[in-house]
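Peer 1: Questions regarding the structure given below will be posed in turn.
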Amino acid sequence: MYILIAVCLLFGTGTQQIKAQDRYDSDSLDVTKFDSLSVVADTTFSEKKALKQDWSTWRPNPQRALWLALVIPGGGQIYNRKYWKLPIVYGGFIGCLYAMNWNNTMYKDYSQAYLDLMDNDPGTQSYNQFLHLGVQITSSNEDRYKDIFKKRKDKFRRWRDLSFFVMVGVYALSVIDAYVDAELSEFDISDDLSLRVEPTILNNRSSNNPLDASSIGLQCSLNF
């Protein structure tokens with residue numbers, strides 16, 4: 001009887017020790033797993049921090065700047081981070097659009113006035129809005145006003161077309177500026193650039209005598 005009780009006590013004690021050891025191992029695994037996750041998280045954060053863009057050493061890609069400038073007016077300047085050029089680019093576009101719209105309006109008005117003057121219809125007299133107060137068109141001055149209206153409508157048509165070509169020129173200049181600016185972003189403008197001018201002895205090889213064949217001059221050297 002006593003022997004059976006002792007065996008049970010020994011078995012129970014061994015079982016408790018095994019369970020305690022398993023719990024300890026499980027806790028150790030959890031701590032190890034948590035430490036591994038912490039290391040991975042720290043590594044990921046460090047990599048992201050390392051991959052963060054350093055704008056002080058960033059250089060634009062000329063090809064990307066070119067395509068952005070072609071697709072979006074002013075996009076190349078934004079990509080090159082030259083924001084101060086945007087008012088110039090968009091100001092040129094807005095000015096050309098305004099000039100084109102105003103000249104087109106004047107061209108249409110003078111064209112209609114010229115047509116009304118040519119048709120000899122008393123009911124169509126839109127040309128009166130261009131006459132000074134108290135002035136009327138009669139048979140004596142009709143030919144002169146026809147010539148005036150014709151010249152003015154032709155003038156405003158030329159100015160309208162010129163405004164369009166100027167706008168195309170502004171667009172082309174913005175594209176060229178974006179590309180050249182990106183290309184020159186890696187150009188060396190450090191303090192090492194210097195020009196030295198110093199006296200030197202020039203050998204013109206016109207005589208066999210070294211003294212006669214030499215002359216004094218200036219030498220320019222550019223360091224970059």
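Peer 1: Do we find a residue being at pLDDT 55 or above and closer than 30 Å to residue 185 by Cβ anywhere in the stretch 95-106?
Peer 2: Yes, there is a match, as at least one residue in the stretch 95-106 is at pLDDT 55 or above and closer than 30 Å to residue 185 by Cβ.
Peer 1: Restricting attention to the stretch 172-183, does a residue exist that is more than 19 Å from residue 106 (Cβ to Cβ), open to solvent by 60 Å² or more (accessible area, probe 1.4 Å), in contact with a helix residue (DSSP H, G or I) (Cβ under 7 Å, 6 or more places away or on another chain) and among the acidic types (Asp, Glu)?
Peer 2: yes
Peer 1: Right, next: State all residues of the stretch 149-174 that are touching a residue at least 40 places away in the same chain (Cβ under 8 Å) and of a type outside the set (A, V, I, L, M); if no residue qualifies, say none.
Peer 2: Listed by number, the residues that qualify are 152, 153, 156, 157, 159, 160, 163, 164, 171, 174.
Peer 1: Any idea which of 128, 141, 120, 104 is of a type in the set (S, T, N, Q) and within 30 Å of residue 73 (Cβ to Cβ)?
Peer 2: Criteria check complete, one pass: 104.
So that you can scan it fast, the table gives a plain yes or no per residue for (1) in contact (Cβ under 8 Å) with a residue 24 or more places away in the chain; (2) open to solvent by 80 Å² or more (accessible area, probe 1.4 Å):
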| site | (1), (2) |
| --- | --- |
| 113 | yes, no |
| 118 | yes, yes |
| 121 | no, no |
| 126 | no, no |
| 136 | no, yes |
| 142 | yes, no |
| 147 | no, no |
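Peer 1: Name the one entry in 88, 94 that is among the β-branched types (Val, Ile, Thr), exposed (fewer than 14 other Cβ atoms within 10 Å of the Cβ), closer than 29 Å to residue 181 by Cα and without any contact (Cβ under 8 Å) to a residue 60 or more places away in the chain.
Peer 2: Of the residues listed, the single one that is among the β-branched types (Val, Ile, Thr), exposed (fewer than 14 other Cβ atoms within 10 Å of the Cβ), closer than 29 Å to residue 181 by Cα and without any contact (Cβ under 8 Å) to a residue 60 or more places away in the chain is 94.
Peer 1: Oh, and also: Does any residue of the stretch 145-166 turn out to be modelled with pLDDT of 95 or more and aliphatic (A, V, I, L, M)?
Peer 2: The answer is yes; a qualifying residue exists.
The values are calculated or read from the model by the stated rules, or taken from the named source; none is laboratory data. Values in this document were obtained by computation on a predicted structure and should not be read as measured data. When we count neighbours, we look across all protein chains shown, and the Cβ atoms used for this are built from the backbone with ideal geometry, even at glycine. Please note that ligands, DNA and RNA were not included when accessible areas were found on the heavy atoms of the full protein model with its side chains. Shrake-Rupley method; radii C 1.70, N 1.55, O 1.52, S 1.80 Å.
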